Amino acid sequence: MSDPDSPSKREIATPVARFGAEMRRFRESLSLSQDALAARLGCTQTQVSRLEQGSRRPHRDHAVILDRVFGLSDKGYFAMLHRRILSHPEGPRWWLDWPEEIEPRAKVIRSWDPLLVPGVLQTEAYARCLLSREPQVDPDEVERRMHARLQRRAVLDRTSPPLFVTLMDEGVLHRRIGSPEVMREQLTFLMEVADRPNVTVQVVDPACVSGLLGAFMIAQLPNGEPDTIYADSPAEGLLTSESEVVSTLWSRYELIRAWAYPEHVSLQKIQDVMHQWT
């Protein structure tokens with residue numbers, strides 16, 4: 001087997017490209033096909049190809065599985081390469097993978113948020129209030145993130161848009177983000193977007209505790225591709241198709257939805273709170 005500490009035959013431009021090149025080198029040293037490795041990673045052959053080409057950023061679970069598959073768990077070689085990606089000036093940007101690779105192809109997107117309106121449904125003013133208060137983020141970066149967030153809304157306007165089902169804690173309606181005007185505009189927009197045939201907005205009883213661990217999204221993809229989840233966290237989000245993780249979040253989603261008010265009741269609650277923001 002190849003030595004992970006041996007130098008590459010050519011200079012690798014970025015940590016992501018290095019990760020991909022090493023992934024291919026070790027795979028070929030074991031005479032594994034991309035399909036075979038994809039089965040181990042819980043993804044598709046196309047995704048493996050993109051990882052090896054450096055056109056897709058790997059996730060933390062990829063590194064753990066690759067170290068195990070290649071017998072490198074004791075050295076944590078791919079975990080080390082993953083840490084280099086995180087420390088690189090271009091990263092981390094885990095949030096890019098979801099809107100660039102997952103949302104545009106999803107047939108169904110389900111989301112849960114215990115604290116905020118989901119990013120796709122945020123108004124510009126609401127999103128700007130959130131982004132401008134993040135620590136150590138300069139105005140230029142705020143504008144870049146604003147542009148990216150508003151572009152995500154286009155997923156709902158495409159020719160064949162996904163079914164978008166969002167659950168949010170009732171406290172989201174009362175949590176002040178910006179001014180009362182910002183909140184009223186945001187809740188008005190929720191009412192408007194909920195009129196679309198492909199969008200369902202449901203408010204969840206605050207007595208529900210199943211979702212307090214954090215926000216997440218589940219995407220159902222076409223062509224038999226595995227479901228993919230994105231789970232949020234303050235430091236680093238998790239984007240994975242690993243079946244065990246996906247199954248866990250599916251179960252949690254069903255538990256949360258059991259506490260959701262019917263759609264017509266949810267919309268009435270949104271409207272009632274909207275009028276209170278004066």
- [ ] Give the shape of the range 15-87 as rounded, prolate or oblate, defined through the alpha-carbon gyration tensor: a ≥ b ≥ c are the square roots of its eigenvalues, a/c under 1.5 means rounded, and otherwise the shape is prolate if a/b is larger than b/c and oblate if not.
- [x] oblate
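Antiparallel DSSP bridges in the chain: what percent, to the nearest 5?
Details: 13 of 25 bridges.
For the chain, the DSSP antiparallel bridge percentage is about 50.
Report the FRET efficiency, 1/(1 + (r/R0)^6), for R176 and N198, where r is their Cβ-Cβ distance and R0 is 25 Å, rounded to 0.05. Kindly include the intermediate steps, with their values, before the conclusion.
Numbers: r = 30 Å, r/R0 = 1.18.
Approximately 0.25, to the nearest 0.05.
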Task: Principal-axis tilt of helix 180-193 within the chain, Cα atoms, nearest 10 degrees - done: 80 degrees
TODO: For F164, list long-range residues whose amide hydrogen, built 1.01 Å from N in the peptide plane, is under 5 Å from its own amide hydrogen.
DONE: I109, V199, T200
Task: Phi-based couplings in Hz for the range 223-232 (Karplus 6.51, -1.76, 1.60; Gly and Pro marked x) - done: 6, x, 5, x, 4, 10, 10, 10, 10, 7
Open item on the list: Please list, in order, the residues from the range 192-231 whose amide nitrogen is less than 18 Å from a point placed 7 Å along the Cα→Cβ vector of Y261.
Closed with: 192-195, 200-209
Open item on the list: So if each residue of separation counts as 0.36 nm, and I subtract the Cα-Cα distance between S243 and A39, what length gain in nm does that give?
Closed with: 72.4 nm
Task: Acute angle (nearest 10 degrees) that the helix 139-152 long axis makes with the longest principal axis of the chain, alpha-carbon atoms - done: 80 degrees
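Quick check: net charge around V201, other residues with Cβ under 11 Å of its Cβ, Lys/Arg +1 and Asp/Glu -1?
-1
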Task: In degrees, nearest ten, helix 60-69 long axis to first principal axis of the chain (Cα) - done: 30 degrees
- [ ] At 7 Å along the Cα-to-beta-carbon direction for both S31 and L115, put a label point, then send me their distance in nm to one decimal.
- [x] 5.1 nm
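Each reported figure results from applying straightforward, stated rules to the coordinates on display, with no laboratory input. Every value quoted in this text rests on a predicted model; they were computed, and no experiment measured them. FYI the Cβ positions are ideal-geometry reconstructions off the backbone, even for glycines, and counts take in every protein chain you see.
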